[in-house]
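K.L.:
If you scroll down you'll find the structure; I have some questions about it.
The values are calculated or read from the model by the stated rules, or taken from the named source; none is laboratory data. Computed from a predicted model, the values in this text were never measured in an experiment. Here the Cβ positions follow ideal geometry from the backbone for every residue, glycine too, while neighbour counts run over all protein chains shown.
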Amino acid sequence: MAPNGGTKSAFAHPHREIAMPIDFTEDEKAALIDLLVGVIENDPFPLSERVQRLRGILTKVRPMPELPPEEPNRAGDEPVQMMNDRVDHGR
């Protein structure tokens with residue numbers, strides 16, 4: 001029996017908080033990423049604790065690349081969308 005009076009789960013991990021580096025081959029890593037993405041995208045409850053946990057695992061396996069810093073707009077520059085609206089397409 002567990003100290004709290006309940007039974008100990010077969011899935012309980014006493015060393016849960018210890019980081020365990022796992023060396024995956026590139027193929028294994030790609031398969032794990034595909035599996036996680038598929039489960040996350042097809043889950044009917046995308047905000048569930050389970051999906052959030054899977055997203056955290058995915059972030060550890062496939063960290064998002066850092067985006068380059070945005071360049072500040074210079075005075076007088078117009079957004080590209082507005083400039084495209086002004087182009088005469090021969091109509």
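K.L.:
Under 9 Å between Cβ atoms, which residue pairs at least 6 apart in sequence (or on different chains) link something in the range 61-72 that is surrounded by 10 or more Cβ atoms within 10 Å (Cβ to Cβ) with a partner that is in a loop (DSSP other than H, G, I, E, B)?
P.N.:
Taking only residues 6 or more apart or on different chains, the pairs are VAL61/PHE24.
K.L.:
Would you list the helices (runs of 4 or more DSSP H) that sit entirely within the chain and hold 2 or more residues that are at pLDDT below 60?
P.N.:
Filter on the chain gives 80-86.
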